[in-house]
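The values are calculated or read from the model by the stated rules, or taken from the named source; none is laboratory data. As the structure is a computational prediction, the values presented were derived from the model and not from experiment. Every residue, glycine among them, receives a Cβ derived from its backbone with ideal geometry; neighbour counts consider all protein chains shown. For the accessible areas, the whole protein counts, side chains as well, though only heavy atoms, and no ligand, DNA or RNA atoms are used. Shrake-Rupley method; radii C 1.70, N 1.55, O 1.52, S 1.80 Å.
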Amino acid sequence: VYYKGKNYRRAIADFRAALGHDPSSANAWNYIGICENLLGDPRAAIAAHQRAVELDPGLKEAHINLAAPYKDLGDADTADRLFG
């Protein structure tokens, strides 16, 4: 709900609380990454998306979302490779 309402700080807190119940939730890590990037912390976003990919290599959204913070950091080569 907080994510949909664009309250990304509260959304991160809720997703982290969910990880307390299920630390292997790739979806929670993916959404944390999205929120971190939207809040302007691409390095935290990369770490969260990488964790999501480690937990579920088949989660395509995490692979695609991982490219955005690299683009925001100006690393177009890595972003293009991840988008591809």
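So the values come out like this:
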{"read-out": "Every residue from the range 55-84 that is within 19 Å of LEU19 (Cβ to Cβ) and without any contact (Cβ under 8 Å) to a residue 24 or more places away in the chain", "value": "PRO57"}
{"read-out": "The range 47-66 - residue that is more than 10 Å from the chain's Cα centre (by Cα) and of a type outside the set (Lys, Arg) and, of those, most open to solvent (accessible area, probe 1.4 Å)", "value": "GLU54"}
{"read-out": "Every residue from the range 1-27 that is in contact (Cβ under 8 Å) with a residue 24 or more places away in the chain and not in a loop (DSSP other than H, G, I, E, B)", "value": "TYR8, ARG9, ALA11, ILE12, ALA26, ASN27"}
{"read-out": "Residue check for TYR31: modelled with pLDDT of 95 or more, touching a Cys at 6+ places or on another chain (Cβ under 8 Å) and not aliphatic (A, V, I, L, M)", "value": "no"}
{"read-out": "Residue within the range 25-46 that is open to solvent by less than 20 Å² (accessible area, probe 1.4 Å) and in contact with a Gly (Cβ under 8 Å, 6 or more places away or on another chain) present", "value": "yes"}
{"read-out": "Tally of residues being within 15 Å of ASP56 (Cβ to Cβ) and either open to solvent by 70 Å² or more (accessible area, probe 1.4 Å) or of a type in the set (D, E, K, R) (or both) across the range 1-23", "value": "2"}
